[in-house]
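Following: one structure in structure tokens, then a few remarks.
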Amino acid sequence: MRTAMRAAETSGLEGVYRLTAPADGTAQAPVVLDSPHSGAVYPDGFKPRVPRRELRRVEDAFVDELFADGPAHGAALLAALFPRSFIDPNRAVDDLDPGLIDGPWPGRLNPTEKSRLGHGLVWRSCPSERPLYHGPLPTAEVAWRIETFWRPYHAALEDLLTAAHTRFGAVWHLNCHSMPASSSPAVPGRAGQRADFVLGDRDGTSCAPAFTQFVRDRLQAMGYTVRINDPYRGAELVRAYGRPSQDRHSLQIEINRGLYMHEAALEKTDGFARLTRDLGRLVADICDHAHAQTARFAAE
């Protein structure tokens, strides 16, 4: 495992995202990590009817911290600061419920099943089906959220992926999430046991199957249980940026929250430190894998 020669360098856009890049002296790898749902900076004008504590339960709490060692191994780490209940960066920009908007929308609308369930680009409801707002949102408000939060996050991620691909000829993207312990999928053949991780590559369309297998094998070697594409296949961020035919590999990873936090109290457990170390090892292995692959490409 390589070690950083200097501390990682952090930058970002206030209230929108934090970017932690490998510092000078650390061997940069063509690896990008992003945590789109760990944001907990609630904009002042966001006044839903659901209490803040209830909204915090839908955050992927602490996921950005779990991967904080990634830049020490050469990976860039992008983390959203705004909450997914305000606007969800893991949805397409046109995945909007027309009934949520008070007035005509200037662009195309293409609501998916996520919007129908109340969890599209701008959420209509909070689990369990509690309305977030007293009525429709002004068109200008929704447009402002897109331009101020959604677009800058996507632009930052796309820039990171493109820069790595341009420099190395390939890029590996790990899209980082967590899943509730109570609804995590069961492990086949192990009564009552929930999976520790779910990897989603949209049935092999967002990254090379070999990358999914590589990550699965590393996690299983550490003693974790892993399922693939069941029930989480990967959503908008891996769909939009994963193009394995162009050596752009995007893989979604879902982590069982029971491994590292008390969900009801929104507090870390003793398992947090161990999981952070193991995910640091995983990212180091992914960076080594990426370097080996790009070296092979260069030799061919």
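The values are calculated or read from the model by the stated rules, or taken from the named source; none is laboratory data. Predicted model only: the values in this text are computed from it and were never measured. Heads up, the Cβs are rebuilt from the backbone with ideal geometry, glycines too, and the neighbour counts pull from every protein chain shown.
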Out of all the residues in the range 180-224, which are among the aliphatic types (A, V, I, L, M), within 18 Å of Asp278 (Cα to Cα) and in contact (Cβ under 8 Å) with a residue 24 or more places away in the chain? Ala195, Val198, Leu199, Val215, Leu219, Met222
Go through Arg190, Arg218, Arg202 for me and flag whichever is among the basic types (Lys, Arg), out of contact with any helix residue (DSSP H, G or I) (no Cβ under 9 Å at 6 or more places or on another chain) and over 23 Å from Gly39 (Cβ atoms). Arg190
So how many residues does the range 118-132 have that are in a loop (DSSP other than H, G, I, E, B) and closer than 15 Å to Arg84 by Cα? 9
Of all residues in the range 61-87, which are in a loop (DSSP other than H, G, I, E, B), more than 14 Å from Gly280 (Cα to Cα) and in contact (Cβ under 8 Å) with a residue 60 or more places away in the chain? Ala61, Phe62, Leu81, Phe82, Phe86, Ile87
Which condition number does Pro104 fail, the rest of (1) free of Cβ contacts under 8 Å to residues at least 40 places away in the same chain; (2) closer than 26 Å to Trp172 by Cα; (3) not basic (Lys, Arg) being met? (2)
Just give me the residues in the range 279-300 being in contact (Cβ under 8 Å) with a residue 24 or more places away in the chain, of a type in the set (Gly, Ala, Ser) and surrounded by fewer than 16 Cβ atoms within 10 Å (Cβ to Cβ), in sequence order. Ala298
Any idea how many residues of the range 237-257 are surrounded by 20 or more Cβ atoms within 10 Å (Cβ to Cβ), in contact with a helix residue (DSSP H, G or I) (Cβ under 9 Å, 6 or more places away or on another chain) and either of a type in the set (A, V, I, L, M) or part of a helix (DSSP H, G or I) (or both)? 5
Within the range 188-216, of all residues that are over 20 Å from Ala284 (Cα atoms) and basic (Lys, Arg), the one surrounded by the fewest Cβ atoms within 10 Å (Cβ to Cβ) is Arg190
Of everything in the range 73-104 that's of a type in the set (Gly, Ala, Ser) and surrounded by fewer than 23 Cβ atoms within 10 Å (Cβ to Cβ), which residue is modelled with the lowest pLDDT? Gly103
